[in-house]
Every structure is written in structure tokens, then in C-alpha cells.
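The values are calculated or read from the model by the stated rules, or taken from the named source; none is laboratory data. Keep in mind it's a predicted model, so treat the numbers as computed, not measured. Positions of Cβ are backbone-derived with ideal geometry, glycine not excepted, and every protein chain shown enters the neighbour counts.
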Amino acid sequence: MSIRLNQLRTRLLEEQQQLQQHIAHVLAGQPSLDYQQLHLKLQQLPLPRWPELLLHWHTPELRGPSKRLEAVQAALSQMEIGLYGICCDCENRIEAKRLERDPAEQRCAQCRFSG
């Protein structure tokens, strides 16, 4: 694995941890019993299962972080199987500058701006 890829992986792992902590903090601070139960469920699940469960909670506080967590986890999975940096639409390489800006990017510039 190249040094740059290792750096991107480290950034993704750090962001994943920050998102996990943020989501847990939001849920822990909610008075609703439903949120408290969700918080307990998430604590029992492995992190890759969190986006699936959070998908059903359409609140402003959770929507953005849970979508971002899903994108970060997708990028980490792609790294594991050797498909990181491949555009999900056209299957061309995603530009290095785009990945440096956002390591979870899923589309090349052409597909991002044409869709």
C-alpha cells in the first residue's frame, strides 16, 4: 500500500471514529426513550452496521453524520478489496486531488458534475 493510500486510510479511520463519537453524543443527549434505545442498540452493534440502523432515523441531527459514516465505511471497504479510487459511475480513476480533498469521494469530477 502506498504512503499516500495509508495516509488517506488513516484520515478515513479517524473520521469514522469522530462520526461514531458524534452520533453517540447526539443520541445520549436526547431525552426521548426511542433515542436512548437506539443508542443502546448501536453500542451493541459493530460499527459497519450503524448506517443501516440509522437509516430509519430521519432527524436533522443524525441524517448528515449517518450518511457521511456510510460514505467513509464504503471507502474503507473499497480499500480492503482493492477498488478504492474507482468512480462508481464510469469506473475510471478518481483524480488524486479529489481524493486528497475528500478521501470518501465516490465519483470522478466528470461524473460528479454531469450527474
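Points worth noting:
- In region 41-56, the residues that are within 17 Å of Ala71 (Cβ to Cβ) and either of a type in the set (A, V, I, L, M, F, W, C) or not assigned by TED's automatic domain parsing to the domain that holds Gln20 (or both): Leu47, Trp50, Leu53, Leu54, Leu55
- Residue within region 60-68 that is surrounded by 16 or more Cβ atoms within 10 Å (Cβ to Cβ) and under 21 Å from Ala96 (Cα atoms) present: yes
- Reported count of residues in region 1-27, each being under 14 Å from Pro65 (Cβ atoms) and free of Cβ contacts under 8 Å to residues at least 40 places away in the same chain, is 7.
- The set of residues in region 12-45 being hydroxyl-bearing (Ser, Thr, Tyr) and either at pLDDT 90 or above or surrounded by fewer than 17 Cβ atoms within 10 Å (Cβ to Cβ) (or both) consists of Ser32 alone.
- Residues located in region 99-111, provided they are charged (D, E, K, R) and either closer than 17 Å to Glu15 by Cα or without any contact (Cβ under 8 Å) to a residue 12 or more places away in the chain (or both): Glu100, Arg101, Asp102, Glu105
- Among the residues here, Glu15 qualifies as closer than 16 Å to Leu99 by Cα and out of contact with any His (no Cβ under 6 Å at 6 or more places or on another chain).
- Of the candidates Arg68, Arg63, Arg107, the single residue that is over 19 Å from Leu19 (Cα atoms) and either under 16 Å from the mean Cα position of the chain (by Cα) or of a type in the set (Lys, Arg) (or both) is Arg107.
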